[in-house]
Amino acid sequence: MKIKSAEFVISNSDVSKCPDSKLPEYAFIGRSNVGKSSLINSLTNRKDLAKTSGRPGKTQLINHFLINQSWYLVDLPGYGYARVSKREKKTFQKFITAYFEKREQMLCAFVLIDSRHKPQPIDLEFMTWLGEHQVPFCIIFTKADKMKPKALERNINDYKAEMLQTWTEMPQYFVTSSSSGLGKEEVLAFIQSINEGFLPQH
Ligand code: GTP
Ligand code: MG
């Protein structure tokens with residue numbers, strides 16, 4: 001899919017103030033620093049559409065980006081960031097969970113997992129929560145450029161084995177690098193295939 005336009009629309013911490021539209025949207029969620037905002041930039045061929053940082057905790061709000069005037073990418077704050085206060089964590093959690101519970105046009109969440117790490121309880125628990133709330137999701141293994149191919153393959157296989165302890169199937173997954181562009185076309189093609197079922201055909 002060709003990205004012809006990508007524009008920032010609104011940031012907020014209140015799901016009821018997200019864009020009043022029925023256009024399909026896709027949310028990026030995962031631990032702080034896993035590369036959510038970078039992947040949005042990579043997918044849209046922009047350097048600075050979503051704000052990124054080497055320090056965790058950069059994205060703090062729900063951010064909507066309108067793509068090709070017809071669907072949204074949604075950048076969310078990361079979870080598991082140790083340096084925010086307990087109260088802040090709770091507030092984050094509340095508006096993130098409210099977003100997933102209420103936003104019906106959110107057609108698929110991309111749960112980003114750092115491909116360098118072993119399965120982490122916080123990610124597994126979050127995916128369980130999504131499953132329990134019937135929120136459709138895929139997994140994206142990020143930062144693949146930081147791994148040697150064999151080690152990457154081993155980590156992904158370990159991840160599959162871990163998922164199959166609780167899930168009957170491994171969810172659909174992608175392997176990406178925002179620096180090399182690996183996996184980008186696959187993610188965009190997947191989004192396009194879902195959009196086609198929802199948008200009026202020309
Ligand atoms: P929060 O907003 O804090 O939750 O983080 P985030 O998940 O949005 O991460 P962000 O995109 O800001 O990236 C965090 C750091 O990882 C930055 O220094 C990025 O340059 C780096 N990074 C992200 N994706 C990749 C990747 O695919 N490869 C490499 N090598 N670095 C990456
Ligand atoms: Mg971010």
Only bridges with both residues in the stretch 43-202 count here: give the DSSP antiparallel percent, nearest 5.
35
In percent, how large is the relative contact order of the stretch 58-190, given Cα pairs closer than 8 Å and 6 or more residues apart?
19
What GluC sites (Glu not before Pro) in the stretch 79-164 are in a loop by DSSP, with at most 14 other Cβ atoms within 10 Å of the Cβ?
104
Along Cα→Cβ, 7 Å out, is where each label goes; now give me the distance between the ones at residue 4 and residue 146 in nm to one decimal.
3.7
Could you estimate the translational diffusion coefficient of the stretch 115-202 from the Stokes-Einstein equation, with Rh from the Kirkwood formula over C-alpha pairs, at 4 °C and 1.567 mPa s, in whole µm²/s?
89
Please report the equivalent ellipsoid semi-axes of the stretch 136-185, computed as sqrt(5 x eigenvalue) of the Cα gyration tensor, largest first, in whole Å.
21, 14, 6
With equal scatterers on the alpha carbons only and no solvent term, can you work out the Debye log10 of I(q)/I(0) for the stretch 6-196 at 0.13 1/Å?
-0.65
Ignoring everything except DSSP H segments at least 4 long, calculate the 222 nm mean residue ellipticity for the chain; use -39,500 (n - 2.57) per segment, divide by total residues, nearest 500.
-11000 deg cm²/dmol
Going by how many other beta carbons lie within 10 Å of each one, how would you line up 8, 110, fewest first?
8, 110
Which value, in debye to the nearest 20, describes the size of the charge dipole of the stretch 6-196 about its Cα centre when Lys and Arg Cβ atoms bear +1, Asp and Glu Cβ atoms bear -1, and nothing else is charged?
940
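Coordinate-derived values only; no laboratory data. Bear in mind that the values here come from a model prediction, so they are computed numbers and not experimental data. For neighbour counting, all protein chains shown are included, and Cβ atoms are generated from backbone atoms with ideal geometry for every residue, glycine included.
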